[in-house]
Amino acid sequence: MIKYRLLCDADHEFEGWFRDSVDYDAQSKDGLIECPACGSGIVRKAVMSPSISRRSTGSREMRLAEVRRDMSKAVERARNYVEKNFDYVGDKFPEEARKIHYGEEKERGIFGEATGKEVREMIDEGVQIAPLPGVSKQDASKKPDRAGKPKISPAAAKKLN
């Protein structure tokens, strides 16, 4: 594995791990690398110093925290993209996804809710679906759950009572 410091065209710096330099070159050529902060696909390698192994657990913990932060930002960007560009169909998601899959409705991006059983059935039918990662605090107050009630965490519900 090789770690590169990367920069996007907006000067956001982040790290990327690759199997080797050939893997980085292939992913870069195919446009598969993007900035976790802004989503830009215009990314280049930054100047790096040689890696020197250290025994400090603090640096490992800091790196893990940084990776978690970067992943959270990427998840938030993905969710925001879906919410801005796809149609929210609520608990009608399984029905709408099947209509699109079977050509009964025009193909379009949708998102909504489905039970575990509904998800398994759609997958068995070959309906192309993917989970939408993470629910932001802001989303919890905007969209009701399947029963029509606002989504809130158990901790928040406790505070309200």
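Since every read-out is calculated from the coordinates, none of them should be taken as a lab result. Predicted, not measured: the structure shown is a model, and the values here were computed from it. With ideal geometry, Cβ positions are generated from the backbone for all residues, glycine too; neighbour counts draw on all protein chains shown.
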request  = Evaluate the distance, in nm, between pseudo-label points positioned 7 Å from the Cα of ARG98 and of MET1 along their respective Cα→Cβ axes.
outcome  = 4.3 nm
Where labels lie 7 Å past Cα in the beta-carbon direction, separation of ARG44 and ILE123 in nm = 4.3 nm
task = Would you please give the residues with an amide H less than 5 Å from that of GLY90, counting only those at least 5 places away or on a separate chain, with H modeled from the backbone geometry?
result = GLU113
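Would you mind getting me the FRET efficiency between VAL67 and GLU105? Use the beta-carbon distance for r and R0 = 41 Å, nearest 0.05.
Values: r = 40 Å, r/R0 = 0.97.
For R0 = 41 Å, the calculated efficiency reads 0.55.
Want the number for ALA78 to ASP30: 0.36 nm per residue separation, take away the alpha-carbon distance, what's left? Please list the in-between numbers first.
Working: separation 48, 0.36 × 48 = 17.28 nm, distance 1.94 nm.
This chain segment gains 15.3 nm when fully extended.
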query = Quick one: Karplus J couplings for the range 76-90, per residue in order, coefficients 6.51, -1.76, 1.60, θ = phi - 60°, nearest Hz, x for Gly and Pro?
reply = 4, 4, 4, 5, 4, 4, 4, 5, 7, 10, 10, 8, 7, 10, x
key: Hits among aspartates and glutamates - C-alpha to C-alpha of LYS106 under 14 Å, sequence gap 8 or more where chains match   = ASP87, GLU95, GLU96
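Given the pairs LYS73/LYS99; LYS3/LYS73; LYS92/LYS117; LYS29/LYS84, which are separated by over 25 angstrom at their Cα positions?
Values: LYS73/LYS99 33 Å; LYS3/LYS73 20 Å; LYS92/LYS117 14 Å; LYS29/LYS84 28 Å.
In this structure, LYS73/LYS99; LYS29/LYS84 lie more than 25 Å apart at Cα.
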